[in-house]
Amino acid sequence: MRTDSAPETVISPAYRRYLFLLLFLLYMFDYMDRMVIVSLFPYLKRDWGITDTQCGLLVSAVYWSILVFSFPVSILVDRWSRKKSIGLMAALWSLATLACAFTRDFRHLFAARTAIGIGEAGYAPGGTALISAIFPKQQRAKVLGLWNASIPLGSALGIAIGGLVAEHLGWRAAFGLVAAPGMVIALLFFTVKDYRTVALVKTVACGDRKARVKMRPAELVRQFTHNRTLFFTNLAFAANVFVTTALLTWLPTYFNRVEGIPMSTAGIKGGAVMLLAIIGAPLGGALADAWMRRRPNARMVFPGLSSAVTAVLLFIAFSFFRGPSQYLILLAAGVFAVAFVPAAVAVTQDVVHPGLRATSLSVNVIVQHLLGSALGPLFIGALSDRYGLETAMTWLPAFALLGGLLFLAGSRFYTGDLAAVEQSTDGLELSLSTPPGG
C-alpha cells in the first residue's frame with residue numbers, strides 16, 4: 001500500500017463524530033463479549049463442576065490471546081489498513097462469542113474464549129491510532145477518555161445482561177445475545193474512510209534545509225527499547241489493569257458470597273461499580289489535558305495520583321467495611337479506577353513516531369495483559385480457592401499503589417522523550433492530527 005505523511009481523505013467534523021461513534025460502539029460490544037462470562041460463573045460451576053481457578057482461566061484466556069497476537073496484528077494495522085483490520089477483527093470476535101453458546105465442556109469453552117482474544121487483539125491499537133490521527137493532539141487524552149468510557153459501559157452491560165439472561169433463558173442464550181451487535185458494527189466499518197498509511201521517515205537537517213529520510217530498522221526498534229517514558233507507562237498500566245480486571249471478574253461473585261444475594265443482582269451491583277468508570281475515564285482525560293497546559297508532564301503525573309487514590313479507597317473498602325458503607329466506597333473507587341487510562345494511552349501515542357502508533361499501543365497491550373489482565377483474575381481466583389474471596393480482594397490496593405508509583409517515576413522522562421520525537425518528525429504530526437478540511 002502506498003504510504004505518505006498525511007491522510008489522503010478529507011474528514012469533516014461531522015464525519016469525525018460519526019467515526020468516533022462507530023469506534024465507541026465497537027469498543028463497548030468488545031467488552032460486552034469479553035466480560036459476559038463473569039456473571040455466568042455460578043451456572044458453569046453448577047453444570048460442569050469447575051473451580052474458581054478455572055473460572056479465572058476463562059477470563060484470562062482472552063487476554064493471553066491478545067498478548068500473543070496484538071503485536072503482529074498492530075503491524076498490519078499500521079502498515080496496511082485501519083478500517084479493514086478493525087472490521088475483520090470485530091467479525092471474528094463476534095463469531096467466536098456466538099460459538100461459546102454451543103460449547104459442551106470447559107475445554108471447548110476455553111478454546112472459544114481464546115478465539116475471542118484473537119479477534120480483539122488489534123482493536124485497541126487500531127482504534128487508538130485512528131483517533132490519534134483524526135483528532136488534534138491537544139485533545140488526544142480528552143477524546144481517548146471519552147472513547148475508553150465504552151470499556152466500563154460495555155463491561156457493566158455484559159455482566160448485567162449476562163446475569164439476567166442466564167437466569168431466565170440459560171447461560172448459552174447470554175452468549176448469543178451479546179454476539180449479534182458487534183457483527184453489525186463490524187460490517188459498517190468496512191464502509192468508513194481511512195487515512196493513508198504513514199511513511200516511516202524522519203526529519204534531518206541538511207545545511208539550511210530539512211530533509212526526510214527513511215528510518216533504519218534499528219531506529220524503529222529504539223523507538224521502544226530506549227524510551228523510558230514508555231517503559232514506566234507500560235508497567236504502571238499493567239499494575240492498574242491487574243486491579244480493574246480482577247474487580248470486573250470477581251466483584252459479582254464477591255457480592256454473591258459475602259452478601260448472599262442472587263447472582264443476577266450481584267452482577268448488576270458489581271457492574272454498577274465499574275460502570276461509574278464511565279465518569280472517571282472522560283474526566284481523567286479532560287483533567288490531564290487541562291493540567292498539561294501548565295504542567296508538561298501532567299499526562300504522567302495525573303495517572304500517578306489517581307492510581308494512589310484508587311489504592312486508598314480499595315484498601316478502606318475491603319479491609320474495614322461491609323454492606324452499604326463498603327459499597328459507597330467501592331462506587332467512589334469505580335470513578336477513579338480507570339481515570340489513569342486516557343492520559344496513559346495518550347502518552348503511548350505522544351512519544352513515538354506517528355507511523356508506529358498502533359504498534360506502540362500493542363506493546364502496551366502486551367505488557368498490560370502479560371503482567372496485568374492475564375494474571376489478575378487467575379491470581380485472585382487462586383487466592384480465593386486457598387484463603388477465601390474476601391481475603392483475596394484485600395491484595396488489590398497494593399497493585400494500584402504500585403501503578404501510581406511507576407507513573408510518577410516515569411513522569412521525569414516525558415518531556416525529554418516528547419521533544420526528541422517532535423524534533424525527528426517535524427512536519428508529520430500536524431498533518432495527522434489535523435486532517436485537511438477538519
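The values are calculated or read from the model by the stated rules, or taken from the named source; none is laboratory data. Small disclaimer: the values here were computed from a predicted structure and weren't measured. FYI the Cβ positions are ideal-geometry reconstructions off the backbone, even for glycines, and counts take in every protein chain you see. Just the protein is used for accessible areas: all its heavy atoms, side chains included, with ligands, DNA and RNA removed. Shrake-Rupley method; radii C 1.70, N 1.55, O 1.52, S 1.80 Å.
Here are a few things to note about the model shown:
- Among 228-238, 71-81, sorting by the average number of other beta carbon atoms lying within 10 angstrom of each residue, highest first, gives 228-238, 71-81.
- Stretch gain in nm, segment Glu259-Ala173, where the contour uses 0.36 nm per residue and the Cα spacing is subtracted: 28.3 nm
- Remark on Val201: its backbone amide H falls under 5 Å from those of Met215, a criterion applied only to residues 5 or more positions apart or on other chains, H modelled at 1.01 Å from N.
- Taking 0.36 nm per residue of separation and subtracting the current Cα-Cα distance, fully stretching the chain between Ala419 and Asp385 would add 7.3 nm.
- Shown in residue order for the range 170-180 are the 3J(HN,Hα) couplings computed by the Karplus curve 6.51 cos²θ - 1.76 cosθ + 1.60 at θ = phi - 60°: x, 5, 5, 5, 4, 4, x, 5, 7, 6, 5 Hz (x for Gly and Pro).
- The H on the amide N of Ala339, modeled in the peptide plane, is under 5 Å from the matching H of no residue at least 5 residues off or on a different chain.
- Measuring nothing but protein heavy atoms, the accessible surface of the chain at 1.4 Å probe radius is 68 percent carbon and sulfur.
- Full-stretch length increase - Leu405, Thr114 - with 0.36 nm per residue and alpha-carbon distance subtracted: 101.5 nm
- Accessible area per residue for the range 1-128 is 36 Å², calculated with a 1.4 Å probe on protein heavy atoms, without ligands, DNA or RNA.
- Convex hull of alpha carbon positions in the range 82-189: directionally averaged projected area 7.1 nm².
- Overall Cα dimensions of the range 211-310, principal axis frame, Å, largest first: 67, 33, 22
- Across the range 324-332, coupling constants 3J(HN,Hα) worked out from phi with the 6.51/-1.76/1.60 Karplus curve, θ = phi - 60°, read x, 5, 4, 5, 5, 5, 5, 4, 5 Hz, and Gly and Pro carry x.
- Each residue of the range 265-278 was assigned a 3J(HN,Hα) from its phi angle through the Karplus curve 6.51 cos²θ - 1.76 cosθ + 1.60 (θ = phi - 60°); the sequence is 5, 5, x, 5, 5, x, x, 5, 4, 6, 5, 5, 5, 5 Hz, with glycine and proline shown as x.
- For the chain, the share of DSSP beta bridges that are antiparallel, to the nearest 5, is 75%.
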